[in-house]
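Each remark here refers to the structure printed beneath this line.
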Amino acid sequence: MHDRAVPGAKGLITVLVADDNDVAQRLCRRVLEKAGYNVLIAVDGLQAVEVAMSQRPAMILMDVAMPGIDGIEAMKRIKAQIPNQPIVIASAHSMSSDRERFLAAGADDILSKPFRLSDLVAIVAKLTAPK
Amino acid sequence: MVRRATPILAIAVVIALQTGLGLPPVLVFPLYLLIVLLTAFYSSRIDSLFCAVLAAIGVSAPAMLGGTSDDLAVPLLLAAVLLVVAIAVHEVVGRIRAEAVGAERMAMELQGREERLRITVEAAQVGLALVGADGGWLLVNERLCVILGRSRAELLHLTVVDVTSEHDQGAISEALSMLRSGDILRWEAELHQVRGDGGRVPVEITIAAVSDHPGGERVLLVQETDVSTRKRVEGLRDGLVAVRHTIVSATTWEQAAPQLLGALCAHLDWDLAQYWAVDTDLQALRLRQAWHRDGAAFEEFHNQSRRLSIASGEGLLGRVWQSGIPAAQEDMSVATDYDRVAVALQAGLRSAVAFPVITGGSVIGVVEMLTHQPRMIENDLVTMLSTAGGEIGNFIRRAETAQALRRSEADHRAIFERSPIGIARISSEGELLEANTALLTMLEHDFQVMRSHAWPDLLRAYDQAAARARFSPLLAGISEGKSVQVRAGTGGGNWLWLQLSATSIPDASGRPEHVLVMVEDVTVVREAQDKLGEALESQRSANATLEKLDRTKTEFLSIVSHEFRTALTGIQGFSELIRDGGLEPDEVRAYGGYIFNDADRVNRLIGDLLDLDRMESGRMSIRTADVDINEVLSDSIARAGSSPSVEFKADLDPRLPIVVGDRDRLVQVVSNLVNNAVKYSPDGGTVTLSSRAEEGFALVSVTDTGVGIPPDEISHVFERFRRVRSGAAQSIPGTGLGLTIVKQIVEMHGGKIWVESAVGHGSAFHFTLPLAAENVTPLQRRHA
């Protein structure tokens with residue numbers, strides 16, 4: 001059993017944002033920190049896997065198109081180790097076929113880019129809420 | 001009886017003598033006259049008349065009895081004389097006697113009156129006295145002795161001036177001199193006199209000139225009333241009035257304190273006052289304000305006071321702080337619990353009183369007052385000081401609140417004035433009351449034009465836009481917190497997109513008093529969005545065409561939309577953050593920068609896509625002309641030469657012939673390759689441009705010492721959106737279309753392009769262009 005809601009700095013809930021785009025990184029960090037989360041950043045798929053394993057964030061916001069291994073592959077590797085790790089795929093691939101593809105690969109939810117900030121906060125809140 | 005018998009006997013003796021000796025009436029007449037006179041003096045009227053009749057008979061009887069009628073005349077005359085004398089003398093004596101009795105009675109009456117007057121004077125409730133022309137006391141009553149606290153004997157050796165306070169001596173001396181000279185008959189004043197114990201007593205004094213004394217010297221009647229009770233009550237009342245007056249007219253405690261302490265001292269007759277504030281950090285009383293009478297040397301006392309920190313319960317002040325009620329040190333010389341006894345006595349201070357300054361039930365300070373006179377502290381003074389302490393406390397709290405409000409007001413004013421966002425304050429009817437600098441600058445109007453024209457236009461535009469979006473009009477829908485974007489012209493003739501949002505500011509009772517409208521210039525964001533919208537629209541129409549094409553084209557669309565959406569994520573997210581407000585100016589600037597960069601990237605993306613589209617659909621024509629490749633390469637180095645981080649080298653073949661091509665497109669190819677080389681080179685790297693003539697071709701190479709391309713990506717570098725993103729290259733911006741366009745242009749010229757690369761060592765891009773048919777070199781052409 002994994003205690004997934006690992007408290008980060010100052011006892012905040014930790015969220016991992018995996019995205020290679022630094023504007024997206026800044027945006028997510030700004031919005032989620034303002035909403036009271038501790039935000040970790042991974043800039044590619046391999047780093048996302050590494051941080052997920054070592055830091056055990058409460059949830060992961062995963063971009064798809066990243067250098068090295070992509071978000072889908074990173075998600076599969078993480079889920080293989082931590083099956084109940086909540087992962088939201090945040091992608092600019094927004095065709096319905098993409099959506100089904102991501103859910104089939106094990107995503108807990110999908111956040112289409114560009115997104116409303118309230119949708120971002122809501123989806124993170126939903127997946128970090130204690131069950 | 002004896003008295004009444006004596007004259008009769010005497011007359012009988014004379015008659016016997018007269019008869020026996022036969023003396024003539026003339027001879028005995030003197031004897032009768034003597035008896036009648038004596039009787040008339042000493043006996044009653046009847047007795048004396050009886051005596052006179054007997055004497056008259058005695059003197060006339062012998063003649064009447066034995067003589068002739070001629071002889072009768074003299075005796076009868078003598079008898080008549082005796083009777084007349086008796087009556088006359090008696091009348092005179094009676095009158096004198098009556099006068100004597102009257103005089104005696106008057107004297108007794110006078111004596112009684114004087115006694116009553118003395119008792120009255122002594123018993124009078126006012127001090128009464130007579131003083132001589134020199135002012136010396138001649139006569140004083142008991143009450144005056146009590147008022148002046150001196151014995152009668154002591155006073156009789158002093159003058160009125162001697163017992164008058166130093167301050168009033170001049171006035172009373174002058175009055176005495178004028179009374180003496182008769183210039184005035186009466187003088188009244190209120191002044192202080194000095195008691196035997198040195199204390200001062202306020203009196204009402206009347207001095208009147210009394211009419212000339214029998215001795216001839218002019219004396220003065222002095223009447224004195226002790227008005228200390230009345231004075232004290234008046235002082236208490238006036239003191240409280242002065243405290244209230246000061247409080248009403250002052251705005252800060254610092255401003256009010258000296259005036260207030262001075263007024264208390266003046267009205268209550270104290271010499272020095274200090275205000276001690278409770279320092280909540282130190283948990284001690286500290287001297288904050290001091291006041292003393294002019295001229296008095298109390299500096300040392302203040303200085304020592306300033307050095308003190310007084311704890312709760314410690315000394316007079318500490319006790320007042322702890323208990324919250326006034327307390328006094330009536331006699332400093334016997335003080336056992338007073339903190340500055342030595343310096344107080346040295347300054348001649350004898351009594352002290354202290355009262356708490358209270359607000360909201362807690363003591364925030366203590367006022368101490370001292371005087372150099374011994375002072376009894378009456379209950380009404382304590383009551384008055386308690387009242388004053390409460391009012392001062394409430395004032396201090398009000399003043400502090402007011403000061404905090406003023407500071408807060410100043411802060412808000414600064415925010416309003418300096419905000420980069422336009423802010424308008426409007427009435428609940430929509431009339432513009434105030435506009436900040438940002439708003440006036442944004443719309444390029446002065447305030448008058450803004451109020452009369454631009455603002456009403458803006459409100460109308462808001463309401464129309466709101467109606468389209470099914471929102472309430474601005475004034476009706478403030479509580480909804482909506483924001484609306486409107487198009488507005490500026491005074492300078494520009495058109496802006498403005499985002500308006502309104503907030504109501506309630507008054508004290510909660511009713512909306514006025515409305516603040518935030519006006520943000522969102523032209524840049526809006527135009528970027530509009531441009532993107534147009535681009536997406538064109539993309540959508542392209543989509544219809546692409547659907548007819550193969551899967552590669554579908555995938556291309558997916559990639560393009562992915563690229564757009566990635567850029568839009570930043571644009572939309574950060575513009576939403578800005579729109580929602582609450583950001584620091586630095587953040588707004590930074591986010592605007594992200595939005596600008598991504599919008600710019602999207603714009604370039606669109607340009608590149610349109611270029612590619614034109615090339616691929618064959619709609620782009622090549623304008624052919626003679627082009628000197630070496631010149632293009634040199635120009636490119638010159639343009640890129642501003643980059644300080646990379647060193648440029650040129651290895652150009654001077655014999656390279658002219659090529660035939662579109663010079664602008666070839667410049668685009670070279671600058672794309674050079675930009676890529678610079679972008680992927682670390683600081684201190686080298687970018688080398690070389691040209692060489694091959695068989696029928698010009699060979700151009702752009703070589704860098706940059707990060708290199710991984711082997712698995714090298715075959716894809718000319719594909720759309722195949723940017724090298726791994727490792728150190730992942731943060732390098734670009735559209736991912738540059739090399740695709742380069743390849744297209746080179747191939748349109750009939751050339752080829754390829755790349756050699758090693759990760760960590762660098763990359764070399766080579767392309768060829770067919771030489772012109774004539775094979776002339778630029779040198780030859782220039783000489784032709």
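So here's what we get for this one:
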quantity: The one condition in (1) loosely packed, with under 15 Cβ neighbours inside 10 Å; (2) within 14 Å of chain A (Cβ to nearest Cβ) that B:Gly573 fails to fulfil; calculated: (1)
quantity: Any hit, region B:258-269, residues being surrounded by fewer than 20 Cβ atoms within 10 Å (Cβ to Cβ), out of contact with any helix residue (DSSP H, G or I) (no Cβ under 8 Å at 6 or more places or on another chain) and in a loop (DSSP other than H, G, I, E, B); calculated: no
quantity: Residue satisfying condition, being more than 18 Å from A:Cys28 (Cβ to Cβ) and not polar (S, T, N, Q), within set A:Ala52, A:Ala80; calculated: A:Ala80
quantity: Qualifying residue in region A:113-120 (condition: of a type outside the set (Ser, Thr, Tyr) and either touching a Pro at 6+ places or on another chain (Cβ under 8 Å) or over 21 Å from B:Ala567 (Cα atoms) (or both)); calculated: no
quantity: Residue identified as in contact with a Phe, Trp or Tyr (Cβ under 6 Å, 6 or more places away or on another chain) and away from every other protein chain (no Cβ under 14 Å) among B:Ile629, B:Ile637; calculated: B:Ile637
quantity: Residues being at pLDDT below 90 and not in a helix (DSSP H, G or I) - total across region A:90-111; calculated: 5
quantity: Filtered residues of region A:112-131 (kept if part of a helix (DSSP H, G or I), within 13 Å of chain B (Cβ to nearest Cβ) and in contact (Cβ under 8 Å) with a residue 40 or more places away in the chain); calculated: A:Leu117, A:Leu120, A:Val121
quantity: The one condition in (1) open to solvent by less than 30 Å² (accessible area, probe 1.4 Å); (2) farther than 18 Å from B:Asp226 by Cβ; (3) over 51 Å from the mean Cα position of the chain (by Cα) that B:Asn141 fails to fulfil; calculated: (2)
quantity: Filter result for the condition that a residue is open to solvent by 80 Å² or more (accessible area, probe 1.4 Å), modelled with pLDDT of 85 or more and touching a strand residue (DSSP E or B) at 6+ places or on another chain (Cβ under 7 Å), over B:Arg418, B:Arg397, B:Arg413, B:Arg407; calculated: B:Arg397
quantity: Residue in region B:229-243 that is at pLDDT 85 or above and not in a helix (DSSP H, G or I) present; calculated: no
quantity: Tabulated pairs, region B:157-180, first touching a residue at least 60 places away in the same chain (Cβ under 8 Å), second open to solvent by less than 50 Å² (accessible area, probe 1.4 Å) and among the aliphatic types (A, V, I, L, M), C-beta under 6 angstrom, 6+ apart or interchain; calculated: B:Val160/B:Val131
quantity: Every pair of residues 6+ apart whose Cβ atoms lie under 7 Å, when the first sits in region B:335-360 and is surrounded by fewer than 22 Cβ atoms within 10 Å (Cβ to Cβ) while the second is of a type in the set (Val, Ile, Thr) and part of a helix (DSSP H, G or I); calculated: B:Ala335/B:Val341; B:Thr359/B:Ile396
quantity: Only one of A:Ala65, A:Ala24 that is more than 13 Å from the chain's Cα centre (by Cα) and touching a residue at least 40 places away in the same chain (Cβ under 8 Å); calculated: A:Ala65
quantity: Some residue of region B:384-394 being more than 22 Å from B:Val248 (Cα to Cα), touching a residue at least 24 places away in the same chain (Cβ under 8 Å) and open to solvent by less than 10 Å² (accessible area, probe 1.4 Å); calculated: no
quantity: Residues (within 14 Å of chain B (Cβ to nearest Cβ) and more than 15 Å from A:Gln25 (Cα to Cα)) located in region A:83-110; calculated: A:His93, A:Ser94, A:Met95, A:Ser96, A:Ser97, A:Asp98, A:Arg99, A:Arg101, A:Phe102, A:Ile110
quantity: Test: residue in region B:117-129 that is open to solvent by less than 20 Å² (accessible area, probe 1.4 Å) and modelled with pLDDT of 85 or more; calculated: yes
quantity: Residues located in region A:28-68, provided they are within 14 Å of another protein chain (Cβ to nearest Cβ) and touching a Ser or Thr at 6+ places or on another chain (Cβ under 7 Å); calculated: A:Asp63, A:Val64, A:Pro67, A:Gly68
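So that you can scan it fast, the table gives a plain yes or no per residue for (1) within 13 Å of another protein chain (Cβ to nearest Cβ); (2) free of Cβ contacts under 8 Å to residues at least 24 places away in the same chain; (3) open to solvent by less than 30 Å² (accessible area, probe 1.4 Å):
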{"site": "B:Arg589", "(1), (2), (3)": "no, yes, no"}
{"site": "B:Ala599", "(1), (2), (3)": "yes, no, yes"}
{"site": "B:Leu609", "(1), (2), (3)": "no, no, yes"}
{"site": "B:Ser617", "(1), (2), (3)": "no, yes, no"}
{"site": "B:Ser621", "(1), (2), (3)": "no, yes, no"}
{"site": "B:Ala625", "(1), (2), (3)": "no, no, no"}
{"site": "B:Phe648", "(1), (2), (3)": "no, no, no"}
{"site": "B:Leu652", "(1), (2), (3)": "no, no, no"}
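The values are calculated or read from the model by the stated rules, or taken from the named source; none is laboratory data. In this text the structure is predicted, and so the values were computed from the model without any measurement. FYI the Cβ positions are ideal-geometry reconstructions off the backbone, even for glycines, and counts take in every protein chain you see. To get the accessible areas, we keep the full protein, side chains included, count just its heavy atoms, and leave off ligands, DNA and RNA. Shrake-Rupley method; radii C 1.70, N 1.55, O 1.52, S 1.80 Å.
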